[in-house]
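Contents: one structure, followed by commentary.
The values are calculated or read from the model by the stated rules, or taken from the named source; none is laboratory data. Keep in mind it's a predicted model, so treat the numbers as computed, not measured. Please note: Cβ atoms are built from the backbone with ideal geometry, for glycine as well, and neighbour counts cover all protein chains shown. To get the accessible areas, we keep the full protein, side chains included, count just its heavy atoms, and leave off ligands, DNA and RNA. Shrake-Rupley method; radii C 1.70, N 1.55, O 1.52, S 1.80 Å.
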Amino acid sequence: MLQSSDSRAHSDSDKWHKYSGTNILPMWIADTEFLAAPAINDALQSRIEHGVFGYGYTQPRFINGIIHHCRSQYDWHVDADWIIPLTGCVPGLNFSRAIAYLRGKKRAVTVEPVYPHLRKTSAILPGYENAGSPCILENGRWVPDFDALEANINDETGLLLLCHPHNPIGRAYTDTELARYHDIAKKYDLLVCSDEIHCDIVLNDTRHRPFASLDDDARDRTITLMAMSKTYNIAGLSCAFAIIPNATLRQEYRRVSAGMTGDVNVLGMTASIAALEHGEKWRRKMITYLRENAQLAEKRINATGKLHMTPVEATFLAWIDARGLGVDNPQRYFEEHGVGMNDGADFGAPGFVRLNFGCPRDMLEEALARIEKAVAAAS
Ligand SMILES: Cc1ncc(COP(=O)(O)O)c(C=O)c1O
């Protein structure tokens, strides 16, 4: 059974800490309420019992686990050399910016709304700019406006930051969409950083297709960022990895990243190995559970008549258009009614909110009941 932790309110959780001492349900930051899979907790327990926590090395089981995972989950062949452990995907985004910067290109493009760290710039890259172009609603789902993306590229642009699956719009990109992204990257010779942190949380029965696996050209221009962290709720253990097939690009990456973050935490690597080796059965159960949560949220949110939620194809995050509610700041409004969601403005879309439904059904039902009440009160 998928178990949840009922004592998180008193833990070190950032998500719960924000609302401690209030009656507001935390449905914001993107971690789930689920206990990590038993195999992960067992592995951590025995590692802790060892009692010595000196510097770790990159264990072959970690690398082999990733190679096997990429083959079995995405039919993608990955060489051991291509894998670089990383303390988180966010540093990987900034290393990609730094590579483009050193190539003389001070501008990245991305499709918005998108996870805030794809929209931000790093203070150590003076004059660097991130330029977003919009999504459009087409046949009931958000899709990139590819013409706008292309129009957004100029001579200064050196990097395409891709969010795949796309947080917060919940899209698992189709092969056709990935090919459109790739055509643009190739035409303008862009470095691509594909943030695929949600790659193992696909809810719509499709298979995740890493951008770099499209063809040789995509492979050679791409830095892929992945982690077990979102899937297995181990983000606080700071372990992720980059996959960089092209040797020259890998060299550039090593040059910009040297000394910029510490090594991966030994517990993070232990947990990730356990997830890679033993997590699959647990993951499948979680996907089934999340799928039902997504359907429940979509049904009830859309039944309010004032809010609109698109189907979630991937992630445990629902993207809700609250512009029809007629309130100035929907995030604050729902917070006042007991539900703490993310403000769409942080993703480039004021008037929207993001609901995290990676939680037990009763918690989600309570949040939905409060949202329904809040909508009724606004009418
Ligand atoms: C698309 C995306 N990338 C990266 C992250 C964070 O990555 P990390 O914690 O590995 O730095 C998140 C967390 O919500 C995310 O949604």
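Tell me, yes or no, whether the range 26-35 has at least one residue that is at pLDDT below 95, of a type in the set (Ser, Thr, Tyr) and within 16 Å of the ligand (Cβ to nearest atom).
No, the conditions are met nowhere in the range 26-35.
Take the residues in the range 78-116 that are among the charged types (D, E, K, R) and within 25 Å of Met228 (Cβ to Cβ); name whichever of them is nearest to the ligand (Cβ to nearest atom).
Arg97
Collect the residues in the range 325-367 that are of a type in the set (A, V, I, L, M) and under 23 Å from the mean Cα position of the chain (by Cα), keeping them in residue-number order.
Val339, Met341, Ala345, Ala349, Val353, Leu355, Met363, Leu364, Ala367
Go through Ala314, Ala345, Ala322 for me and flag whichever is surrounded by 24 or more Cβ atoms within 10 Å (Cβ to Cβ) and without any contact (Cβ under 8 Å) to a residue 40 or more places away in the chain.
Ala322
Of the conditions (1) surrounded by fewer than 21 Cβ atoms within 10 Å (Cβ to Cβ); (2) in contact with a helix residue (DSSP H, G or I) (Cβ under 7 Å, 6 or more places away or on another chain); (3) among the hydroxyl-bearing types (Ser, Thr, Tyr), Tyr55 clears all except one; give me its number.
(2)
For residues in the range 186-222 being among the β-branched types (Val, Ile, Thr) and open to solvent by 10 Å² or more (accessible area, probe 1.4 Å), which is farthest from the ligand (Cβ to nearest atom)?
Selected residue: Thr206.
Only one of (1) surrounded by 15 or more Cβ atoms within 10 Å (Cβ to Cβ); (2) farther than 29 Å from Asn302 by Cα is not met by Trp142, so which one is it?
(2)
Looking at (1) open to solvent by 70 Å² or more (accessible area, probe 1.4 Å); (2) more than 18 Å from Pro350 (Cβ to Cβ); (3) touching a strand residue (DSSP E or B) at 6+ places or on another chain (Cβ under 7 Å), can you tell me which one Ala108 breaks?
(1)
For Leu225, only one of the following conditions fails: (1) open to solvent by less than 30 Å² (accessible area, probe 1.4 Å); (2) under 16 Å from the mean Cα position of the chain (by Cα); (3) more than 11 Å from the ligand (Cβ to nearest atom). What is its number?
Here Leu225 meets the rest and fails (3).
Out of all the residues in the range 37-47, is one or more in a helix (DSSP H, G or I), at pLDDT 95 or above, within 16 Å of the ligand (Cβ to nearest atom) and of a type in the set (A, V, I, L, M)?
The answer is no; no qualifying residue exists.
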